[in-house]
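Chemist: Here it is, the structure, as structure tokens.
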Amino acid sequence: MRCADCHDAVNAFVDGELLADEQRDVREHLATCADCRREHEVLVATTRTLKEGLVRHRAPDVLKARIRSALAQPDTFAPAADPPRRSWMRLVAAGVVIAAASSGLTVATLRQPFAQQRATTDVLASHIRSLMPGHLVDIASTDQHNVKPWFNGRLDLSPTVPRLDSLGFPLIGGRIDYVAGHPVAAVVYGRRQHVINVFSWPAADASALAPSTSAEKGYHLVHWRNAGIEMWAVSDLNLAELQQFIAALERSDSTTR
Amino acid sequence: MAQRDVERFERIVLPHLDDAYTLARYLLRDEHDAQDVVQDAVLRALRYFDGYREGDARAWLLTIVRNCCLTWQRRHRSDRLAVPFGDEVIERISDSRETDTRAIERSERAVLERVVAELPTEFREVIVLREVEGLSYKEISEVVGIPMGTVMSRLARARKRLASALGLDVREAS
């Protein structure tokens, strides 16, 4: 074998891509030629450095959650068709809208206490901050049996963490945040490209409050109070789907409680 | 598409998500862009899933991811990453709490990542497919859409550049 042939074949030799007799020819040439041997050594050192040094990335949980969420959407792969909504969901969502319209909204507009205004500002700030890289969750998990116990001992309440994957709202994780002067639980769900933050903390006022909606800076905020717990959900998701999410959350809450 | 097909897709294609994300990270050099493009690529893959018969599901998915990355780059052509991860690298190297060996290891790794990031795309993709993903020449030729001879010559040229950038081709004194 000539040096020029060896030069052409040495990469395939290192990669084990030559036929057995070609492999043997290169090996024999390397044994007799110092220059080609040198080229071979440099090549071996280079591929070893690359193989050992280059990072194999793991797909982040948020990406997995987003993909699972998209796969659970019946309209993901039929973009032309009118998305068929499950009728019971529509009923539940409608129920929330009616409840909000009949009581929650009036309450919210008639007496907007200072604490409420502060909570709105803080909840929105927390949501926006959570969207910065690395701030979304302290515990990233799609399993509610990891997320729920994580809050134990960190907070004086155990937030509701139902699995809503089947409805297209995969769990992403949880974190602790500060809202209106005290630590609160933030449980994070996904919906396609959107993130939903659900905040909860013990309420000072024990009376129940139906969901009331507000919009600020392109985000929807929904506030309600249930069983002595203040609840907020914030997302840039459209309002109908956010209400659908809250209906599902409340429904699973009443069955687990 | 029936639920059964979606389940088959999840079983056959989703196990290769880490490989898909790795390729996108190296091609786009940005973790958020990589996430968006991989999500788009996976949903495209699902739409084309009828066209997938039997064979190498990983190479099939990587082909789609690669095409989505190149399309994305054409659409967002900007050289905002002339120096890919500058601050982070300097911060890591100067972190005095680390032991010397670990610091050297980290800085070597950072230099390596940077040298690879600065390769032209056509070299970077064959290097990542071969050295990180471990694909055969035949698989690389399918993913990139070039003959096997071209795979070999591109790999050779890319490695030569890297050896030189990393100082591995310097003739020893002996």
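Chemist: Just the Cα atoms of the range B:100-169, one point each, no solvent: what log10 I(q)/I(0) does Debye give at q = 0.14, 0.17 Å⁻¹?
Modeler: One equal scatterer on each Cα of the range B:100-169 leads to -0.46, -0.64.
Chemist: Next up: Which far-off residues, 5 or more places away or on another chain, put their amide H under 5 Å from the one on residue A:172, with H placed in the peptide plane?
Modeler: Residues meeting the amide H criterion: A:188, A:189, A:190.
Chemist: Let me cross-check residue B:16: its accessible surface, 1.4 Å probe, with only protein heavy atoms counted, in Å² to the nearest 10?
Modeler: 40 Å²
Chemist: Which of rounded, prolate, oblate describes the range A:196-257, given a ≥ b ≥ c as roots of the alpha-carbon gyration tensor eigenvalues and a/c under 1.5 marking rounded, otherwise prolate only if a/b is larger than b/c?
Modeler: Taking the square roots of the gyration eigenvalues as a ≥ b ≥ c, the range A:196-257 is oblate.
Chemist: How large is ³J(HN,Hα), in whole Hz, for each residue of the range A:182-190 in order, when computed from phi with the Karplus curve 6.51 cos²θ - 1.76 cosθ + 1.60 and θ = phi - 60°, using x for Gly and Pro?
Modeler: Calculated HN-Hα couplings, in order: 9, x, 10, 8, 10, 10, 10, 10, x Hz.
Chemist: I need the phi-derived Karplus couplings for the range A:213-225: 6.51 cos²θ - 1.76 cosθ + 1.60, θ = phi - 60°, integer Hz, Gly and Pro marked x.
Modeler: 10, 9, 10, 8, 6, x, 10, 9, 10, 10, 10, 8, 9
Chemist: Any chance you could look up the accessible area of residue B:142 with a 1.4 Å probe, heavy atoms only, rounded to 10 Å²?
Modeler: For residue B:142, solvent-accessible area is about 90 Å².
Chemist: Can you work out ³J(HN,Hα) from phi for every residue in the range A:198-212, in order, using Karplus 6.51 cos²θ - 1.76 cosθ + 1.60 and θ = phi - 60°, giving whole Hz and x for Gly and Pro?
Modeler: 10, 9, 8, 7, x, 8, 6, 9, 7, 5, 6, 9, 6, x, 10
Chemist: Name the shape class, rounded, prolate or oblate, that the alpha-carbon gyration tensor gives for the range B:1-77, where a ≥ b ≥ c are the square roots of its eigenvalues, rounded holds for a/c under 1.5, and otherwise prolate holds if a/b is larger than b/c and oblate otherwise.
Modeler: Here the range B:1-77 falls in the prolate category.
Chemist: Leaving out ligands, DNA and RNA but keeping every protein chain, what accessible area does residue B:122 have, in Å² rounded to the nearest 10, with a 1.4 Å probe?
Modeler: Taking all protein chains as shown, residue B:122 has close to 90 Å².
Chemist: What is the interface area between chains B and A, defined as buried accessible area summed over both chains with a 1.4 Å probe, reported in Å² to the nearest 100?
Modeler: In total, this chain pair buries about 3700 Å².
Chemist: By the scheme Lys and Arg +1, Asp and Glu -1, what is the net charge of all other residues having a beta-carbon under 13 Å from that of residue B:51?
Modeler: Details: positive: B:44, B:47, B:53; negative: B:5, B:50, B:54.
Result for the neighbourhood of residue B:51: 0.
The values are calculated or read from the model by the stated rules, or taken from the named source; none is laboratory data. Everything numeric in this text was worked out from a predicted model, so none of it was measured. With ideal geometry, Cβ positions are generated from the backbone for all residues, glycine too; neighbour counts draw on all protein chains shown. Only protein heavy atoms, including side chains, enter the accessible area calculation; ligands, DNA and RNA are left aside. Shrake-Rupley method; radii C 1.70, N 1.55, O 1.52, S 1.80 Å.
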